[in-house]
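To start, the structure itself, in structure tokens.
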């Protein structure tokens, strides 16, 4: 699922939010029931705003609604770990340092590695 889909963002799903400030509230009450948050930092990697690929998975079809780039691969953290998460280390990997995971068109190279690009992140424990 992408980070904006119901299973990720809804309270009765993973309840993943893109804001540290919201996640640090730890939970919210809906109809007398408490739902804990996850922090989902992946939103900052979605799209063309960086020199990384705009997602971790590419899919094109002849349907009317196609996202092309998706962010199915995500990091979800409970609020108690946010202060240990190193945001500057979060990345979508394009290579292993030697071989590219991308085709010449900039899409995941299924023949080289996988149809999903790997993530890198660091948590200081």
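Each reported figure results from applying straightforward, stated rules to the coordinates on display, with no laboratory input. Model, not experiment: these values are computed from the prediction. Note that each Cβ is placed from the backbone with ideal geometry, even for glycine, and that neighbours are counted across all protein chains shown.
Being touching a strand residue (DSSP E or B) at 6+ places or on another chain (Cβ under 8 Å), surrounded by 13 or more Cβ atoms within 10 Å (Cβ to Cβ) and without any contact (Cβ under 8 Å) to a residue 24 or more places away in the chain is the filter here, so list the residues in segment 3-18 that pass it. Within segment 3-18, 9, 15, 17 qualify. What is the residue count in segment 36-67 for residues that are touching a strand residue (DSSP E or B) at 6+ places or on another chain (Cβ under 6 Å) and not in a loop (DSSP other than H, G, I, E, B)? Result for segment 36-67: 6.
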